[in-house]
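See below for the structure under consideration.
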Amino acid sequence: MTKRFRKEAFVSAKRPRNGKDPLSEASVFADIANGSQGGGDSTDRSRRNHNRFCDDDNKVEDYELTPRNFRGIDGDTTEGLPVKTADGNLKRIILKDEGPSEEDITSDSESTGQDDGSESVNEKEDDENALDFDEENDEEYKELSPEARGRKIKEDIAHMAESLMENPEKNVLLFARLLRMMSSHVPSTAKFALLSVVPVFKSICPSYKVRPLTEAEKQEKVSNDVQKVRFFEQNLVRYYKKYLVILSTNSMKFSTSPKATDLEIVLGILSTRAACQLASPLRFFNFRSDLLKILIRRIMHKPASSPEYEIFKECVKTLESLLVEDVDLGDISLDIVRLLSRSIRHRNIKVDESVINIFLSLTVLRDYDPHASAEKKEEKIKLKKKERVFLTKKQRKELKEKKKIEKEMRTAELKITAEERERFQAEILKSLLTLYLQILRSRPEKLMAPVLEGILKYGRQVNLDMIGDFLQVFREISHDLLESSHDSVVFLTVSQTRQILLCVITSFSLLSYLPSKRVHLDLNKFVEYLYALLPWLSEDAEIEFSHKTLRLMDPLATELKMKPSVNVSTEAELLLKGLNAIFFKSRSGSQGRALAFTKRLYTAMLQFPGRTTIAVIKFAGKLMSRYDDIAGLFTTEDRIQNGVFHPDADTIEGANTEVAVLWENVLLEKHYNPTVAMGAKALINRAKKEPGLM
């Protein structure tokens, strides 16, 4: 009872008399000062007064709101959390501030709603980049010895590259110092700085293009994470562009350039090699055309030394790999074809053969058929007209918005539709064939064979408007080469015979894929050209050789001989392709032509190598199965002799092959190669079994 009485007495002492709060007058004055009326709710007033009464003991908050000052802390240091030592005492920790981090910059720019902080940093870095890197006067290295200075610089370059690969978003500004080091006059520093950035870009660059921010996007407020990503991407693109400018400037220095120092020549080779290593991994990143220009500029110049020849081959292989990998899209192939065509024309077609052979690696044109695409388009249009469904205005609006969203998604995912891919293929083919036709009209000796091989590969895709131009050029080339050989009594070279063979094959290939009902062209001239070329082929010792054949290098050669990057057919293979095109893949074959070619082929087989002779014997047997009159050439019995055979005639009509006899078969039966001998015996036995010779 005593405790209860004391408690009630304490409560009553705290309770005001006549039921009023001692602070009620002060609360009334406060309400009046705030503009409130005196007749408010008594419950709310009592609650406020109670809170004020309870807050009297918390006056320490006023001290917390004032900033605290610590002794012994400079402007570059911050106070850290205290550490408890082993004896139980607290130890004060003072941390050194290393400067504003990227998070501070992004938070400041986010609070202001602008990118002023990042832009000021970029301008400052640009000013620093404008100065060349001087090791001797640099504050970090001027007090070191030359050996220690070089070792310290290498360690710093490696550390910066490692930091960029570990945390690129935080350390992206380290590119500024690396780019400055590339301008050093010390060869080792410039080389290490130039090559150290290559794996960094390959590791941190995304596989998409980073577009520049618009003014509206710069002014809008975004989250801290978005601001950090924007800061990283914009600076990455900026430094990557500067790096490509350095590579482009260095790669223009060749050993044949006037006033080019040894360091500039070496840096030119290293810069080109760096561009080759970046071309394939970063083919979907920004400034792809600038990267391709570095490679194409290098292959436009003839290498004068062994290191330049090696980097020349590396550039060619890189461009070929890009064309091979671009089988599904076509945009990369279009960029390469455009840049190469423009550079070749700018050089007046004075380039190496392997540069033209780069076009043979185009894989995006494999499934392109311009003749069938028109019919398919007509069918699609008819189907669309039949399947057209009525849509209301609201449904058409929704469909339009849906297509717009799908287009944005395809752009974001780097997907190319079938229509865009077909447009790329058409532009690539048009640029390529226009360049081929221009080269053929100029007739450079070293480029005729690779150009004809390219037309042979893509000839089935030539438009009807260009077929006439190509056939006219092929006819002029073959006629001029054969006429010049007869007039000057000079043997045709391997390149010239290959040109005539390719002209014949390509002319038939151009018409083989066209609809026969719509187009019919006479190719009799090319049949006569091949007939006139057979004696020259029989005297060619390299008829079975290609560019992949192993040969000894000429020790007296003064210039580098560059092999084409694409394997080409031998002359024997081209001969068989031409014969098949005439007699089995076109309507140009006839009984008289079969007799004339059989007689001339037998004469040529006396000089052909073993493998070529076997292949020609097989073709003769195949030809005998189609034309029965060939069997009559193996005998003179029961034949009407009308005139004399002229083996030297270049025309089929003037040779008079009907009166000829295949006496060469008797010599082939005694050939040193047993396969050839067996084949010759099999042909004459087969001819004796023909009904007309029984």
| Tabulated pairs, the stretch 159-178, first small (Gly, Ala, Ser), second in a helix (DSSP H, G or I), C-beta under 7 angstrom, 6+ apart or interchain | 161/196; 161/200; 163/171; 163/174; 176/125; 176/128; 176/129
| remark: The residue that is surrounded by the most Cβ atoms within 10 Å (Cβ to Cβ), considering only those in the stretch 148-188 that are among the aliphatic types (A, V, I, L, M) and outside any helix (DSSP H, G or I), is 182
| message | Suppose we keep only residues that are among the small types (Gly, Ala, Ser) and modelled with pLDDT of 80 or more within the stretch 448-468. Which one would you say is nearest to residue 428 (Cα to Cα)? | response | 454
| Hey, among the residues in the stretch 665-684 that are of a type in the set (S, T, N, Q) and assigned to a helix (DSSP H, G or I), which one's surrounded by the fewest Cβ atoms within 10 Å (Cβ to Cβ)? | 675
| task | Identify all residues within the stretch 328-362 that are among the acidic types (Asp, Glu) and assigned to a loop (DSSP other than H, G, I, E, B); write none if there are none. | result | 328, 352
| Qualifying position, being open to solvent by 60 Å² or more (accessible area, probe 1.4 Å) and either acidic (Asp, Glu) or closer than 18 Å to residue 288 by Cβ (or both), among 221, 191, 242, 209 | 209
| note | Condition set within 30 Å of residue 312 (Cα to Cα) and among the small types (Gly, Ala, Ser), scope the stretch 198-254, selection modelled with the lowest pLDDT: answer is 207
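Looking at the stretch 207-229, which of its residues are closer than 25 Å to residue 280 by Cα and not hydroxyl-bearing (Ser, Thr, Tyr)?
Across the stretch 207-229, the qualifying residues are 209, 210, 211, 212, 229.
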| query | Quick one: in the stretch 267-304, which of the residues that are within 12 Å of the chain's Cα centre (by Cα) and hydroxyl-bearing (Ser, Thr, Tyr) is least open to solvent (accessible area, probe 1.4 Å)? | reply | 280
| field | Test result for residue 321, under 30 Å from residue 446 (Cβ atoms), assigned to a helix (DSSP H, G or I) and open to solvent by 10 Å² or more (accessible area, probe 1.4 Å) | value | yes
| query | For the stretch 342-362, which residues satisfy the criterion of being crowded, with 17+ Cβ neighbours inside 10 Å, closer than 14 Å to residue 297 by Cβ and small (Gly, Ala, Ser)? | reply | none
| message | Can you pull out every residue in the stretch 621-652 that is of a type outside the set (A, V, I, L, M), loosely packed, with under 11 Cβ neighbours inside 10 Å, at pLDDT below 85 and on the phi < 0 side of the Ramachandran plot? | response | 637, 641, 642, 648
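Would you check if residue 615 is in a helix (DSSP H, G or I), open to solvent by less than 10 Å² (accessible area, probe 1.4 Å) and modelled with pLDDT of 90 or more?
Judged against the criteria, residue 615 is not a match.
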| request: With the condition kept exactly as written, say whether any residue in the stretch 131-147 is modelled with pLDDT of 85 or more, open to solvent by less than 70 Å² (accessible area, probe 1.4 Å) and among the small types (Gly, Ala, Ser). | output: no
| field | Filtered residue count, the stretch 232-272, keeping only those that are farther than 24 Å from residue 170 by Cα and either basic (Lys, Arg) or assigned to a loop (DSSP other than H, G, I, E, B) (or both) | value | 10
| task | Residue by residue through the stretch 628-664, note down the ones that are assigned to a loop (DSSP other than H, G, I, E, B) and under 22 Å from residue 529 (Cα atoms). | result | 645, 646, 647, 648, 649, 650, 651, 656, 660
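Conditions tested, residue by residue: (1) among the polar types (S, T, N, Q); (2) in contact with an Asp or Glu (Cβ under 8 Å, 6 or more places away or on another chain).
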residue: 592; (1), (2): no, yes
residue: 595; (1), (2): no, yes
residue: 600; (1), (2): no, no
residue: 603; (1), (2): yes, yes
residue: 611; (1), (2): no, yes
residue: 617; (1), (2): no, no
residue: 620; (1), (2): no, no
residue: 623; (1), (2): no, no
residue: 633; (1), (2): no, no
| request: Determine which single condition residue 504 fails, assuming it passes every other condition in (1) surrounded by fewer than 16 Cβ atoms within 10 Å (Cβ to Cβ); (2) closer than 21 Å to residue 569 by Cα. | output: (1)
| task | Enumerate the pairs (first residue in the stretch 465-487 and touching a residue at least 24 places away in the same chain (Cβ under 8 Å) and charged (D, E, K, R); second residue anywhere and in a helix (DSSP H, G or I) and open to solvent by 10 Å² or more (accessible area, probe 1.4 Å)) with beta-carbon separation below 7 Å, excluding pairs fewer than 6 apart on the same chain, so at least 6 apart or on different chains. | result | 469/437; 475/525
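The values are calculated or read from the model by the stated rules, or taken from the named source; none is laboratory data. A quick note: this is a predicted structure, and the numbers were derived from the prediction, not measured. Note that we place each Cβ from the backbone using ideal geometry, even for glycine, and neighbour counts take in every protein chain shown. Note: areas computed on protein heavy atoms with side chains; ligands, DNA, RNA excluded. Shrake-Rupley method; radii C 1.70, N 1.55, O 1.52, S 1.80 Å.
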